[in-house]
1. Extending each Cα 7 Å along its Cβ direction at residue 179 and residue 220, get the distance between those two points in nm, one decimal.
2. Quote the Stokes-Einstein diffusion coefficient, in whole µm² s⁻¹, for the stretch 18-132, based on the Kirkwood radius over alpha carbon pairs, a temperature of 4 °C and a viscosity of 1.567 mPa s.
3. How far apart, in nanometres, would the label points at residue 32 and residue 63 be if each is projected 7 angstrom from Cα along the Cα-to-Cβ direction?
4. In whole angstrom, and with the biggest value first, how far do the Cα coordinates of the stretch 134-179 range along each principal axis?
5. Treat each spin label as a single point 7 Å out from the Cα along the C-beta direction, and report the residue 81 to residue 159 distance in nm.
6. Given the Cα-Cα distance of residue 132 and residue 98 and 0.36 nm per residue of separation, how much length would full extension add, in nm?
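Computed from the coordinates by the stated procedures, all read-outs in this text should not be read as laboratory data. In this text the structure is predicted, and so the values were computed from the model without any measurement. Note: ideal-geometry Cβ built from the backbone for every residue, glycine included; neighbour counts use all protein chains shown.
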């Protein structure tokens, strides 16, 4: 969606950026992630000024939380600070596909921002057309720095279910593991189904990090990523 399309009944674009110890990790990457929206330079400058205002007025005292930016159809920018949500425990039942290709995950019908990464046969994959968000672009650059082969292209659900490790990279949560074993709530749901109405509305939570002995590339990438977004 471009800036010129933000009109009529279109809902606001909501961005959720993690706050760590009163700071916005990857702030410049976040600003660059606005480029695909086609926002005019004056609006981007305004958003940057609002971020500086937020740092001075909302993030004092080592605040922890999520900075929410809403760009609404009237072309206003609303900045607010919210608590960090509990990290959900995800399984493959939460994968969302479009024309057979996985585009992300959703919980109770609501998309969870992020890019699905997976490792198979000593290679990393990102199921998207381009690494745009701050966290996903950082993951891509880390993979390159570490010398890992990374293929960025939409993948099928079947490809992901055969992976050695699957995880979501999110601006809000950083690393979120995705279990390959579906939960009991998936009974009656067929693999590759486009929508998942039976997904539980409040998935359980789990420890933040997880090692993958059979997926050393994922383990190393997650270790590096977690140093920036705990």
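1. 2.9 nm
2. 78 µm²/s
3. About 2.6 nm, to one decimal.
4. 28, 25, 17
5. 4.2 nm
6. Length gained, residue 132 through residue 98: 10.4 nm.
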